[in-house]
Amino acid sequence: MNYIQKIKRLYDLSENKNYGFSENQILTLEKKLDIELPIKFKEYYLELGIEENLNYSFNRLLKPENEIGFSDDSFLVFYEEHQNVAFWGIKKEDLLQGNPPIYGNYDTVEKLHWEIETSSIENFFLLMAVFNGTLGGLPYNGNYFGEVDPEIVNFIAANYTLISEISKENQKVYTDQFYDVIILSFDKDTNCSGAFIGTSNQERFDSILEQLDIDWSYLSYDDEEDHNEEQL
């Protein structure tokens, strides 16, 4: 599967439906900025760019009209953190590549400081799909902030597949054929300090909850309980 197919499976999106911006919108952006956008950049925007849960549930994909533009130090900024304290972009000189690396900026107060986030656009959009999904984009999601038992970490590593292209030492991402995802966070001493889960399938979600003995800080079921209480 390519990254688009993986994202569609995770979010249970139809293979026969388009969830993207129009070609005219992308052409207008290229003309406005006097550039040609990378092939994989255009591919994502044209196929998945307007899907709300995927792109606008937490961190945010910038829209072609009046949102995408160059920073003062010539990075094409196209994605922003949900509290506007970080953003992501492509080096201007890398725009000639079809699938260039993505850089993140986490220091917007005194100076611009860019760090490599992913080795390619494909990996970046897959990472954000997973991240956004576990933080509200997927209908069934949950998180835990605290020490996770090493036995649980070992269980996940043994029973799920590591997505190596979007994993780092302090953040490992696992999946079962992209029907569900699990993110594990690690501190500087390599202790697991948090867990995030997400899926579009309720049975799979319930199975994960049964398998992982974690006192979850939040589950999407909590919202349903709050809603039911409000109706009483």
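Quick note: the coordinates plus some simple rules give every number you see, no bench work behind them. Keep in mind that this is a model prediction, so the values were computed, not measured. Cβ sites come from the backbone with ideal geometry, for glycine too, and all protein chains shown count toward neighbours.
Here are a few things to note about the model shown:
- Here the dipole of segment 13-142 is about 200 debye; that uses its Cα centre as origin and unit charges on the Cβ of Lys and Arg (positive) and Asp and Glu (negative).
- For the chain, the dipole from Cβ point charges (+1 on Lys and Arg, -1 on Asp and Glu) about the Cα centre works out to 1100 debye, to the nearest 20.
- Judged by the gyration tensor of its Cα atoms, with axes a ≥ b ≥ c, segment 86-226 is prolate; a/c meets the 1.5 cut and a/b is the larger of a/b and b/c.
- Taking the chain and dividing mean pair separation by its residue count, relative contact order in percent (alpha carbons under 8 Å, at least six apart): 16
- Along each principal axis, taking the top coordinate minus the bottom one, the Cα set of segment 1-138 gives 42, 32, 25 Å in descending order.
- Under-5 Å amide H pairs with residue 59, H placed in peptide plane, nonlocal only: 82
- Full-extension gain in nm, residue 202 to residue 106, via 0.36 nm per residue minus C-alpha separation: 31.0 nm
- Once the Cβ-Cβ distance of residue 158 and residue 32 is raised to the sixth power relative to R0 = 35 Å, the FRET efficiency obtained is 0.10.
- Out-of-range pairs (alpha-carbon distance over 23 Å; input 31/92; 17/63; 31/91; 42/168; 63/92; 40/63): 42/168
- DSSP-loop GluC sites (Glu not before Pro) across segment 67-144, with at most 13 other Cβ within 10 angstrom: 67, 110
- Loop trypsin sites (Lys or Arg not before Pro), segment 80-180 (other Cβ atoms within 10 Å of the site Cβ: 13 or fewer; DSSP): 111
- Cleavage-rule hits (GluC sites (Glu not before Pro)) in segment 145-232: DSSP loop, at most 13 neighbouring Cβ within 10 angstrom: 147, 169
- Residue 70 paired with residue 119, simple spin-label distance in nm, labels 7 Å along Cα-to-beta-carbon: 2.9
- Cβ-Cβ FRET estimate between residue 190 and residue 83, R0 fixed at 35 Å, reported to 0.05: 0.80
- J(HN,Hα) series, segment 150-158, from Karplus relation 6.51 cos²θ - 1.76 cosθ + 1.60, nearest Hz, glycine and proline x: x, 5, 5, 4, 5, 4, 4, 4, 7
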